[in-house]
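What follows is a single structure, written as C-alpha cells, with notes after it.
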Amino acid sequence: MAIEVLQADITRLDVDAIVNAANTSLLGGGGVDGAIHRAAGPQLLAACRVLNGCETGEAKITPGFNLPARWVIHTVGPVWHGGVRQEAQLLFNAYDNSFQLALTNGIKSIAFPCISTGVYRFPKTEAARIAIKAMQQYQDKFSRIIACVFNGEDLALYQKLLAEL
Ligand code: AR6
C-alpha cells in the first residue's frame, strides 16, 4: 500500500500501532512522548517501567491502554550531534526495528511521528528521507503506513519527497 501522510495528533489515530519517539528511560517526557502518555493513561507508564529502558535505535512494545491504537511501539531516535555519531544509521534503525516489532506482533496498520526532529534536533529533510526509505522497505507487509506529521512544514516536506519517488 502507498505511504500516507497525515497531519494529525498521533494519539487520535485508530490504527493497530502508533510509534512513540521516546527517550532511553522509556519513562515519559515532552513532545509526542508526553502526549502519548497523557492520552494512554497511567497504565502506560507502569507498563514501561518494567521494560528496563531502550537503547537508541531499538524498539519495545506495550499495549495502548486508553488510546484508540491497540499497541504503542516505543523507539528512541538519536540526539543530533552534527552527524558525527552515526545519527543517520541510528534513526534508520529506530524505524526498522519498530517495523520488525510490528511484524512479529501481527500489526497491519502503523503510524509514525517525525522521530528525532523535535527536541532531538535531527535536520528535518534528512530525517524525512530516512523515514520514507524505511517505510518503502515495508510497504508490502502492511495495510497502512502513516507518516503522522504535526505541522504544516512537515506536511509539505513529506508530500514533496513522496511526490519525487
Ligand atoms: N502527534 C504527532 N506528532 C507530534 C505530537 C503529536 N501529538 N506532538 C509532537 N509531535 P519530539 P524527539 C511531533 O520532540 O525529537 C521527548 O521529551 C513534533 O512536532 O516529540 O524524538 C522524549 O521523551 C516533532 O515533529 O521527539 C525524548 O526525551 C516530532 O513529534 C525526546 O522528546 C518529534 O518531536 C525525543 O525527541
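Bear in mind these aren't lab numbers, they're just calculated from the coordinates by the rules spelled out. Note that the structure is predicted; figures quoted are calculated from it, not measured. Here the Cβ positions follow ideal geometry from the backbone for every residue, glycine too, while neighbour counts run over all protein chains shown.
Assuming charge only on the beta carbon of Lys and Arg (+1) and of Asp and Glu (-1), the dipole of region 69-138 about its Cα centre is about 120 debye to the nearest 20. Using the Cα centre of the chain as origin and beta-carbon charges of +1 (Lys, Arg) and -1 (Asp, Glu), tell me which of 24, 99, 113 is placed farthest towards the positive end of the dipole. So the residue we want is 24.
Here the contact order of the chain, divided by its residue count and restricted to Cα pairs under 8 Å and six or more residues apart, works out to 31 percent. Note on the chain: lysine pairs with Cα distance below 16 Å, sequence gap of 8 or more or different chains, count 5. About the centre of its Cα atoms, region 18-165 shows a dipole size close to 260 debye [charges on the beta carbon of Lys, Arg (+1) and Asp, Glu (-1) only; nearest 20 debye]. Remark: spin-label model distance residue 136-residue 103 equals 1.8 nm, labels positioned 7 Å along the Cα→Cβ axis. Nearest 5 is fine: what % of DSSP beta bridges in the chain come out antiparallel, could you say? That works out to approximately 25 percent antiparallel.
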